[in-house]
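Let me begin by presenting the structure, written as structure tokens, before commenting on it.
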Amino acid sequence: MDKKTFLVEIGTEELPSKTLRLLAESFAHNVASELRSRLLSYSVVRWFATPRRLALLVYDLPIVQPDRTVKYRGPALTISFDSHGIPTPVALSWAHRCGITMDQAERLINSKGEWLVYNTRIAGKKTEKLLPEIIYLCLKKIPVLKQMRWGASDFQFVRPIHTIILMLGDVLIPANIFGVNSCNTIRGHRFIGEQNLVINHSDNYLGILSDKGKVEVNYLTRKNIIQEGAKSAAAKINGVVDLDEKLLEEVTSLVEWPVVLIARFEDKFLKIPTDVLIHTMVDHQKYFPVYSYTGKLLPYFIFVSNIVSQNPQLIISGNEKVMRARLADAAFFFKNDCQHPLEDNLPLLQDVVFQQKLGSLRDKTNRVQRLAEWIAIQINSDVSHATRAGLLSKCDLLSQMVFEFSDIKGVMGMHYARLYGEPEEVAVAIMEQYYPRFSGDRLPSSPVSCTLAIAEKMDTLVGILGIGQHPTGEKDPFALRRLALGVLRIMIEKNIPLDLKTLSAEAVKLYGPTISNTNAINEIIIFMIGRLYAWYKERDYSSKTIQAVLVCQPTKPIDIHARINVVANFHTMESAVNLSLAHKRIVNILAHTTELLTHRVRDTLLREKEEKQLAKRINAVSVDLNLFVSQGKYEDALIALISLSADIKHFFNKVLINTTDKEVRVNRLNLLSKLNTLFLKIADFSLLK
């Protein structure tokens, strides 16, 4: 079968740099899946992406879809013909839908019976007839949070589309996608290449675009050019470039013809805190910082130009000028902020609104300080340092530096606290109160930092949820989901024995009459447990395992974590099935009883030796199990519970629970209820498969 290379390029306005790779990979994945569903084979699908285009090359694509046999199964023979062998209306209706006569129908016979069947061979379509629809569907499936309309049309895509080319070998495929007709003219580099490029064959696409258009369309090649160029440039000044992967991906997505250059700034700016310099270079200018071999920041930066210049020094000077202006502003702000200690900003916080219904930032500071003090006492952290950090926690928000560079809040608070002699633990806590800032981010490093981070996040959570502003769908303006998960991660991964119920109650109490919702504490716990469920699901814990623990309504995250891990490992034990079935039987029996149970077992009403033995063993195991649970040793608690398996089995085999003697029946139900309580100290094993 004749095979050719298929080219599709979507020429657009500048695509979002932070998601360019995702867009291209999704496009390639969608096309590959759609081709397979149409029985169109290929050797490989390669994706390409620049700021102004998404493109694919599909190699060895057949020019005709293969023929296929389709089987139309009809009604069973028993209802297809009457007693005289005449086709029934059911059979005739099926034949009509298939476009055949009954004489063309065949028989399908297997072990399950006999049916009418019609086998037909469908000729494959020309691939070029299928591709326009395939590309349209695949573009629509690309995950885009915000789409745009352009012109007077109602078409939507991540950015306005200017050109489209669909070419199979040397054949331009006519198509109209998003209101744009397919043509063989595409755009080159905006400044240094030919503006209009004519593609005469899909195999020539890469060469024409590179040689004439001055566009390196291969994303990974551009990334490698930037990596190697940056390393080489840094090595020339005896430095090491910090090639942050996130920044590297973004810069790769910003250029079509990368040219790596190195520039410098004045040594005097090194007096500014390193965090400010890095933030200015990386976040604002998309520059790569350079360090010495000992890890000291050097007065150099590496940047990537999108053009080739006969005089690159002009480009370097221009970037140095921009950097100089940025750093001069930072130096000015830093100098002014250093004129007074952080604490001088406390009265000014009263004039800054935290949230309209929840007061000012000064009010929030007071609550955070008091909550941090309470938490520090609970977890044996340094109370004086925790309360001091809470008092200063928001003061840097009114500094000139943070007003200009808002992303370094907390960081500047740490530097200013150090400058005026605050304890190091306090200074670091001011910075780390915002940790973790995103999924997978690092956690606060010390108990004082953990204390302040929990207090800061819980105050926001309790306040916003307390006034009824719950996140809805994708809308979460106060990032409550992230804050909740941050609190939970700190407690679990730092092994902090706080209880969500008492912590929430304390935080609600600090708001006083501001929060009038009497159910606020329960709503907060439900919200946080919901985030915890999602967190475990992301880590591939089974839903049943998570539910088995959460249904018991524990509210201490480190206990929840320990119990979920124990239950997850429980599946590997030989006794897992029997114990789960036993608990399920107990739960079912208790669920269907109408008797009033007290959990009190009367020894005088124990008749059978098996129930006497089980009651004795429950009493003995309860002592050990309760001790293990109080110490958080859930694995040992589970082992103690498993030791009851044989006694439970003998009890069910020999003892009739629903006896006619009501006192004996109730006593046996109380025995099971007491046993059920032991199970639930770890998990509801009846939910496990």
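Scanning region 519-530 for residues that are surrounded by fewer than 20 Cβ atoms within 10 Å (Cβ to Cβ) and not β-branched (Val, Ile, Thr) yields 519, 522, 523, 527, 530.
Scanning region 320-334 for residues that are without any contact (Cβ under 8 Å) to a residue 60 or more places away in the chain and either outside the structural domain of residue 279 (by TED's automatic domain parsing) or buried (at least 18 other Cβ atoms within 10 Å of the Cβ) (or both) returns a single hit, 326. For region 353-385, the tally of residues that are over 28 Å from residue 496 (Cβ atoms) and more than 33 Å from the chain's Cα centre (by Cα) stands at 0.
The set of residues in region 480-508 that are part of a loop (DSSP other than H, G, I, E, B) and either free of Cβ contacts under 8 Å to residues at least 24 places away in the same chain or crowded, with 16+ Cβ neighbours inside 10 Å (or both) comprises 494, 496, 498, 499. Within region 580-593, the set of residues being more than 15 Å from residue 664 (Cα to Cα), out of contact with any Lys or Arg (no Cβ under 8 Å at 6 or more places or on another chain) and of a type in the set (S, T, N, Q) comprises 588 only.
Number of residues in region 159-193 that are in contact (Cβ under 8 Å) with a residue 60 or more places away in the chain and small (Gly, Ala, Ser) equals 2.
Against the definition (outside any helix (DSSP H, G or I), at pLDDT 95 or above and either closer than 16 Å to residue 342 by Cβ or within 31 Å of the chain's Cα centre (by Cα) (or both)), how does residue 477 come out, yes or no? Taking the combined requirement at face value, the residue does not satisfy it.
Can you tell me which residue among 471, 436, 477 is in contact with a Gly (Cβ under 7 Å, 6 or more places away or on another chain) and surrounded by fewer than 24 Cβ atoms within 10 Å (Cβ to Cβ)?
On the way: 471 fails: in contact with a Gly (Cβ under 7 Å, 6 or more places away or on another chain); 477 fails: in contact with a Gly (Cβ under 7 Å, 6 or more places away or on another chain).
It is 436.
Of the residues 190, 149, only one is in the same structural domain as residue 22 (by TED's automatic domain parsing), surrounded by 14 or more Cβ atoms within 10 Å (Cβ to Cβ) and charged (D, E, K, R); which? Even if it seems obvious, please write down each step before you answer.
Details: 149 fails: surrounded by 14 or more Cβ atoms within 10 Å (Cβ to Cβ).
The match here is 190.
Among residues of region 165-182 being assigned to a loop (DSSP other than H, G, I, E, B) and not acidic (Asp, Glu), the one that is nearest to the chain's Cα centre (by Cα) is 178. Here is the figure for region 1-38: residues that are hydrophobic (A, V, I, L, M, F, W, C) and outside any helix (DSSP H, G or I) total 6. Within region 282-294, the residues that satisfy the criterion of being touching a residue at least 40 places away in the same chain (Cβ under 8 Å) and either in contact with a helix residue (DSSP H, G or I) (Cβ under 8 Å, 6 or more places away or on another chain) or surrounded by 18 or more Cβ atoms within 10 Å (Cβ to Cβ) (or both) are 283, 284, 285, 288, 289, 290. Restricting 616, 649, 654 to those that are under 49 Å from the mean Cα position of the chain (by Cα) and basic (Lys, Arg) reduces the list to 649. Looking only at residues of region 198-216 that are among the acidic types (Asp, Glu) and in contact with a strand residue (DSSP E or B) (Cβ under 9 Å, 6 or more places away or on another chain), we find that the one that is surrounded by the fewest Cβ atoms within 10 Å (Cβ to Cβ) is 203.
Within region 443-455, the set of residues being surrounded by 23 or more Cβ atoms within 10 Å (Cβ to Cβ) and outside any loop (DSSP other than H, G, I, E, B) comprises 448, 449, 450, 451, 452, 453, 454, 455.
The listed residues are 594, 604, and the only one of them that is in a helix (DSSP H, G or I) and of a type in the set (Ser, Thr, Tyr) turns out to be 604. Being modelled with pLDDT of 90 or more and either outside any loop (DSSP other than H, G, I, E, B) or surrounded by fewer than 19 Cβ atoms within 10 Å (Cβ to Cβ) (or both) is a property that does not hold for residue 70.
In this entry, residue 464 is excluded by the filter for residues that are part of a helix (DSSP H, G or I) and in contact with a Cys (Cβ under 6 Å, 6 or more places away or on another chain). Has region 194-204 got any residue that is touching a residue at least 24 places away in the same chain (Cβ under 8 Å) and within 23 Å of residue 254 (Cβ to Cβ)? No - not one qualifying residue is present in region 194-204.
Counting the residues of region 92-144 that are under 30 Å from residue 173 (Cβ atoms), assigned to a loop (DSSP other than H, G, I, E, B) and without any contact (Cβ under 8 Å) to a residue 24 or more places away in the chain gives 0. Any residue that is within 23 Å of the chain's Cα centre (by Cα), buried (at least 17 other Cβ atoms within 10 Å of the Cβ) and at pLDDT 95 or above - is there at least one of those in region 32-53? Checked region 32-53: no residue is within 23 Å of the chain's Cα centre (by Cα), buried (at least 17 other Cβ atoms within 10 Å of the Cβ) and at pLDDT 95 or above. Scanning region 295-318 for residues that are farther than 20 Å from residue 193 by Cα, within 36 Å of the chain's Cα centre (by Cα) and touching a residue at least 40 places away in the same chain (Cβ under 8 Å) gives 298, 300, 302, 303. When the residues of region 246-281 are filtered to those that are within 14 Å of residue 17 (Cβ to Cβ) and not hydrophobic (A, V, I, L, M, F, W, C), which remaining residue is surrounded by the most Cβ atoms within 10 Å (Cβ to Cβ)? Among those that are within 14 Å of residue 17 (Cβ to Cβ) and not hydrophobic (A, V, I, L, M, F, W, C), it is 252.
The values are calculated or read from the model by the stated rules, or taken from the named source; none is laboratory data. All of these numbers come straight from a predicted model, not from anything done at the bench. Using ideal geometry, Cβ is built from the backbone for each residue, glycine included, and neighbour counts are taken over all protein chains shown.
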